[in-house]
Amino acid sequence: MLDNFKIREVQLEKKDIVIKGLSKSFDGVQVIKNIDLEIKAGEFFSILGPSGCGKTTLLRILAGFIESDSGVVYLGDKDITNLPPNLRSTNTIFQKYALFPHLTVYENIAFPLRMKKMDSDYIDTEVKKMLKMIELEEHASKKPNQLSGGQQQRVSIARALVNKPEVLLLDEPLSALDAKVREKLRNDIKMLQKKLNLTTIMVTHDQEEALSVSDKIMVMESGKIMQVGTTREIYEKPQSLFVADFIGKINFLNDGSSIRPEHIKIVSEVDTESENKTIMREIESWEYLGPSYRLFFKNNKEVLKVEVPCSMIDEKNLYVGSKFLLELDRNHYINFDSRV
Ligand code: ATP
């Protein structure tokens, strides 16, 4: 959808977001607990965590919809802590499209510019650019209820970007859409974000979505930051059991180490040269995932999940109690500094 989209003529000066000592309570319960955080200009930054951990509250504080109890938020060297949303150069896209139902697609996109009393030629040029970008030129005169969910969310994106924000805030923007549309739209958002080099902060429940689009991920739990890192750092070097278990699947071994399912292989014989650990386990259950099987092996308290391409397994060997020789790649053991 982006091929013909011209990058804005004047690149804005890039500004990092710096958050210091941010806290927020509702009814005496602290839901954001003294958060310090830096988000680099141009980064795609996702906030992940279980329901109720404070993700949306944090995003709303950044957008200016909620006031924090303490702490400061800087955009570049400007303190924006007490600025109302319309003076922040941030723009938010919500899960529910929040379009004006009585306005056409064209007028929805034009709305922020009309509010700013921009010149009508300028508005027309900018709205048409946006319509082209989201490939909805043909639908300009339709009302939102005449569009699919994915198309409506594209209009929301256009309406957010027509304002040329410095920061784009996404609050579960894809969660109301079905899987195929979601995947397409998340790729579009990612391409657009990279093209514009637009600092983007997204709240999501969906770890696959976060891994696929983000430069960095922050995992939160009960109002606190559990870990911030690149997608690879978060997946390959989780610092706590919580993060390891929250992002992806993990096996906890009896010896105290952990390993991701893809680093356990099924082998036919013990390789005496290998430094890897080989163990014999009985299968307890399995799931057919299409291209692969997820196999579950049990040995006392230890439950091992292993993912194996279907082509590697003869279906007749899949029965409860069937024995498999497993090789655990020691190079991919994960050991935690803390057992949080
Ligand atoms: P979810 O993934 O379910 O959307 P979340 O991580 O985004 O959750 P928040 O919406 O930030 O969580 O809510 C954090 C906590 O603050 C929750 O316990 C919630 O009930 C509470 N909360 C949020 N907004 C308000 C409010 N306006 N008044 C009172 N409590 C609130």
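Miscellaneous remarks
- Of all residues in region 58-79 being over 18 Å from D171 (Cβ atoms) and buried (at least 17 other Cβ atoms within 10 Å of the Cβ), the one that is nearest to the ligand (Cβ to nearest atom): G71
- Put simply, of N108, N86 the only residue that is part of a helix (DSSP H, G or I) and either under 23 Å from the mean Cα position of the chain (by Cα) or free of Cβ contacts under 8 Å to residues at least 40 places away in the same chain (or both) is N86.
- Selection status of I32, in contact (Cβ under 8 Å) with a residue 12 or more places away in the chain, more than 27 Å from L211 (Cα to Cα), within 15 Å of the ligand (Cβ to nearest atom) and of a type outside the set (D, E, K, R): no
- Test set (1) part of a helix (DSSP H, G or I); (2) on the phi > 0 side of the Ramachandran plot; (3) among the charged types (D, E, K, R) - E126 fails condition number: (2)
- Considering residues of region 277-318 that are more than 34 Å from the chain's Cα centre (by Cα) and assigned to a loop (DSSP other than H, G, I, E, B) only, the residue surrounded by the fewest Cβ atoms within 10 Å (Cβ to Cβ): N300
- Filter pass, S51 being in a strand (DSSP E or B), out of contact with any Leu (no Cβ under 6 Å at 6 or more places or on another chain) and over 15 Å from V18 (Cβ atoms): no
- Condition met for I66 (among the hydrophobic types (A, V, I, L, M, F, W, C) and in contact with a Leu (Cβ under 8 Å, 6 or more places away or on another chain)): no
- Residues (more than 15 Å from the ligand (Cβ to nearest atom) and assigned to a strand (DSSP E or B)) located in region 38-48: E38, I39, F44, F45
- In region 92-104, the residues that are under 23 Å from G223 (Cα atoms) and either out of contact with any Ser or Thr (no Cβ under 8 Å at 6 or more places or on another chain) or at pLDDT 95 or above (or both): T92
The values are calculated or read from the model by the stated rules, or taken from the named source; none is laboratory data. It should be emphasised that the depicted structure is a prediction, and the values quoted were computed from it without experimental measurement. Backbone-built Cβ (ideal geometry, glycine too); neighbour counts: all protein chains shown.
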